[in-house]
Amino acid sequence: MNRFVAAERALRAAAPHRLVDAVREVLCDEYGAKGVQLFLADYGLATLQPVLLAPGPPESVPAHVGPAGRAFGSQEPFVEKLTDGAVCLHLPVTVRGDRLGVLAVTMPSADRADEYLDELAEVAQVLGHEVIVADRDTDLYLRARRTDRLTLAAEMQWQLLPGRSCARPEYALGAQLEPAYAIFGDNFDWSASADGLMLYITNGMGEGIEAALLSNLGINALRNARRAGLSIEDQAALADQAVYAQYRGDAYLSVLLLDLDLRRGRLRVVDAGSPQMLRLRGRTAAFVDLEAQLPLGMFEETDYVSHEIDIEPGDRLVFASDGVHAVAAPGGERYGERSLARAIVSTSLLQAAEVPRAVLRELAGHRGTPMADDDALVVCLDWFGPPQEP
């Protein structure tokens, strides 16, 4: 049995809370590693938090600078030279484009690190899959991601999310919510099949638990309709009925529903009082003029119509809630559409997963305070084009 198979089997056989111990044991025994540590990205994507089994203050590292941060940002292994000829391999832990963190493996020499680099990078990917599965049975990895306590509303919202990024040959997605530890009603959701990608961007109404409950109802109503195989028009109509039945028009949900045909490159959109949508083509960012329809739950039995949006391979679509473009500076100046468009152009060289955080960081500079008063949601979708025929 070769080394990689031994590592894979050890991870799959480990108890959910023992994944770090299991990977440490097998890497030390089979690869001669001198030390192994798993770091997971926190909710704000600011730090990488170590997974610790024993109580004690975690020694986090920056998520975007330093050796671990370079591996996390570039999604490529980074080799750090240590003393006495030893090196530390910082390996991205990523599952289908969703960046979970970094696995740090200390090797006794650069030669041995180079010899085993590809296999160790694969072990890091297997570990990522096992962490996702383990989250069903233990809170260890969810707790490790936190630098602060989440509000109850934020806890409910984060549990709704499918991830913060994903990628396939046809597209790449990235999304981020702020304030990460106290979000209210903004949300996003996506689901992909062999032929299509459905994406929802939600701009919640209200604050606190009430906003989280409204978003939970709306998102789950949309998922229920989607999983029944209904079109986005019918998904919107059924979710509209569910929200109206509960709130009778006193609360409603603004949602942008997108259905991307991966084979034909066609994008259909239902704008139910949505967040704003920009398209970056080349070096030009422009707002997409959508036909606004009523938010979900405002009136009883609303009918919704989809509209086709022109997209081309290489296009980047960016979606922003009103907590982005409506933010005011200390002097009262709104961030506005022009500033948002400039931010999209300035981040054009970043990967889709990096764009939301970069835009939100610039927004914090405009706001003048690190903490937002309202939810701010940014979602980035890169369209690479239909799959190539064999």
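The values are calculated or read from the model by the stated rules, or taken from the named source; none is laboratory data. Please read these numbers as outputs of a predicted model, since none were measured by experiment. Cβ: placed from backbone, ideal geometry, glycine included. Neighbour counts: every protein chain shown. To get the accessible areas, we keep the full protein, side chains included, count just its heavy atoms, and leave off ligands, DNA and RNA. Shrake-Rupley method; radii C 1.70, N 1.55, O 1.52, S 1.80 Å.
A few comments on the model shown:
- Lone qualifier among 78, 72 - being touching a His at 6+ places or on another chain (Cβ under 9 Å) and closer than 17 Å to residue 131 by Cβ: 72
- So residue 362, is it of a type in the set (D, E, K, R), free of Cβ contacts under 8 Å to residues at least 24 places away in the same chain, open to solvent by 20 Å² or more (accessible area, probe 1.4 Å) and in a helix (DSSP H, G or I): yes
- Condition met for residue 168 (among the basic types (Lys, Arg), open to solvent by less than 40 Å² (accessible area, probe 1.4 Å) and more than 19 Å from residue 296 (Cα to Cα)): no
- Where residue 193 falls short, out of the listed (1) of a type outside the set (Val, Ile, Thr); (2) farther than 24 Å from residue 103 by Cα; (3) touching a residue at least 12 places away in the same chain (Cβ under 8 Å); (4) surrounded by fewer than 22 Cβ atoms within 10 Å (Cβ to Cβ): (3)
- Filter result (assigned to a helix (DSSP H, G or I), touching a residue at least 24 places away in the same chain (Cβ under 8 Å) and either buried (at least 20 other Cβ atoms within 10 Å of the Cβ) or polar (S, T, N, Q) (or both)) within the range 222-234: 222, 226, 232
- Subset tally (residues that are in a strand (DSSP E or B), in contact (Cβ under 8 Å) with a residue 40 or more places away in the chain and open to solvent by less than 20 Å² (accessible area, probe 1.4 Å)) for the range 255-274: 7
- Residue that is most open to solvent (accessible area, probe 1.4 Å) [pool: residues in the range 29-46 that are farther than 26 Å from residue 62 by Cα and not in a loop (DSSP other than H, G, I, E, B)]: 29
- All positions within the range 196-221 that are among the aliphatic types (A, V, I, L, M) and open to solvent by 40 Å² or more (accessible area, probe 1.4 Å): 205, 209, 213, 217
- Reported count of residues in the range 137-157, each being touching a residue at least 60 places away in the same chain (Cβ under 8 Å) and open to solvent by 30 Å² or more (accessible area, probe 1.4 Å), is 6.
- Among the residues of this structure, residue 44 counts as one that is under 25 Å from residue 135 (Cα atoms) and either polar (S, T, N, Q) or touching a residue at least 40 places away in the same chain (Cβ under 8 Å) (or both).
- Criterion (within 22 Å of the chain's Cα centre (by Cα), part of a helix (DSSP H, G or I) and surrounded by fewer than 19 Cβ atoms within 10 Å (Cβ to Cβ)) met by exactly one of 12, 70: 70
- Lone unmet requirement of (1) closer than 26 Å to residue 155 by Cβ; (2) touching a Gly at 6+ places or on another chain (Cβ under 6 Å) for residue 244: (1)
- Scan of the range 221-272 for residues that are polar (S, T, N, Q) and under 22 Å from the mean Cα position of the chain (by Cα), ordered by number: 224, 254
- Pairs linking a residue in the range 69-90 that is on the phi > 0 side of the Ramachandran plot to a residue that is crowded, with 17+ Cβ neighbours inside 10 Å, with Cβ atoms under 6 Å and 6 or more positions apart or on different chains, are 75/92.
- Consider the range 358-380 and keep the residues that are out of contact with any Lys or Arg (no Cβ under 7 Å at 6 or more places or on another chain) and closer than 30 Å to residue 263 by Cα. The one that is modelled with the lowest pLDDT is 377.
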